[in-house]
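K.L.:
Just dropping this structure here.
We did not get these values from a lab; they are worked out from the coordinates using the rules stated. In this text, all values refer to a predicted model and were calculated from it rather than measured experimentally. Glycine gets a Cβ as well: all are built from the backbone with ideal geometry, and neighbour counts include every protein chain shown.
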Amino acid sequence: MMIAIYPGTFDPLTNGHLDIIERGSRMFEKLIVAVAESKRKKPLFNLSDRVKMIEESVSHLENVSVESFTNLLVDFMKEKNADVILRGLRVVSDFEYELQLALMNRKLYPECETVFLMPNKKYIFLSSSMVREIALLGGDVSCFVPKPVNEFIKRFVNDKRRD
Ligand code: COA
């Protein structure tokens, strides 16, 4: 059975990420969305909320599960018996970082293979940081994120305003 891992910070999950997940779920028998703690990035949403938002957004995909991880990606892959790392490539500027990541992961774990998929072109200029900025400034992000993520963000922003 071919198991793929789709790792990311997902702060928060966007429609672009979901597009890659849906494509990956058609290619691999099992796809695990692996939510990295990414302490260095100081995420806006905590790890369990990021996992919950993704779980609600992928509930229509039977072979997709969501887990968090705090260790090295390649160690998490070994734990899960995964063969493939799935990543999305949007624009040329993604390439350099992705190449570095893929080659470093291969160095750490030579058996792992990274597969890149391109999202639908309507999502190539979308990023989590843009979604965060628009949402925090009171803008509507409903066309950029899945419905459960939008609902969560609206509650989050309202709670923040009340603080
Ligand atoms: N649609 C929309 N946005 C996308 C996207 C898509 N299809 N693909 C990537 N992005 C965006 C994200 O929204 C994010 O935007 P932001 O930086 O503006 O917030 C950016 O591209 C990259 O984020 P993401 O895909 O979440 O990846 P990442 O770079 O945060 O994740 C990890 C990197 C988690 C895979 C990597 O750090 C990792 O493996 N960490 C675990 C520890 C480890 O093993 N480290 C050694 C690695 S060699």
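K.L.:
What lysines does Lys80 reach when the alpha-carbon gap must be under 27 Å and sequence neighbours fewer than 8 apart in one chain are set aside?
P.N.:
In chain and number order, the partners are Lys30, Lys39, Lys41, Lys42, Lys52, Lys107.
K.L.:
Considering only the other residues whose Cβ falls under 9 Å of the Cβ of Phe152, what net charge follows from Lys and Arg at +1 and Asp and Glu at -1? It would help to have the intermediate numbers written out before the result.
P.N.:
Values: positive: Lys52, Lys154, Arg155; negative: Asp49, Glu56, Glu151.
Counting the neighbours of Phe152, the net charge comes to 0.
K.L.:
Continuing with this model, one more query. Suppose every K and R has +1 on its Cβ and every D and E has -1 on its Cβ; what is the size of the dipole of the chain about the Cα centre, in Debye to the nearest 20?
P.N.:
Numbers: 24 positive and 23 negative charges, 94 e Å.
In total the dipole reaches around 460 debye.
K.L.:
Just need the relative contact order of the chain here, percent rounded to a whole number, with Cα pairs under 8 Å and 6+ apart. Don't skip to the answer; put the middle values down first.
P.N.:
Details: 237 pairs, mean separation 49.0, N = 163.
The value is 30 percent.
K.L.:
Something else: Taking the DSSP beta bridges in the chain as the whole, what percent of them are antiparallel, to the nearest 5? Intermediate values should be presented prior to the final figure.
P.N.:
Values: 0 of 19 bridges.
Close to 0 percent.
K.L.:
Right, something else. Which order, highest average first, do 72-78, 89-95, 13-19, 35-41 follow once you tally other Cβ atoms within 10 Å for each residue and take the mean per peptide?
P.N.:
Result, highest mean first: 13-19, 72-78, 35-41, 89-95.
K.L.:
Now, a different point. Excluding same-chain residues fewer than 8 positions from Lys122, which lysines have a Cα within less than 24 Å of its Cα?
P.N.:
Lys147, Lys154
K.L.:
Which helices count as membrane-span-like in the chain under these terms: full DSSP H, at least 15 Å along the axis by C-alpha, Kyte-Doolittle mean of -0.5 or more? Kindly include the intermediate steps, with their values, before the conclusion.
P.N.:
Numbers: long enough: 15-27 (18 Å, -0.74); 47-57 (16 Å, -0.55); 92-108 (25 Å, -0.12); 147-162 (23 Å, -1.39).
Span-like helices here: 92-108.
K.L.:
Using only DSSP helix segments of four residues or longer, with each worth -39500 (n - 2.57), what per-residue ellipticity at 222 nm results for the chain after dividing by its residue count and rounding to 500? The partial results should precede the final answer.
P.N.:
On the way: 6 runs with 73 residues, N = 163.
Counting only the DSSP helices, I get -14000 deg cm²/dmol.
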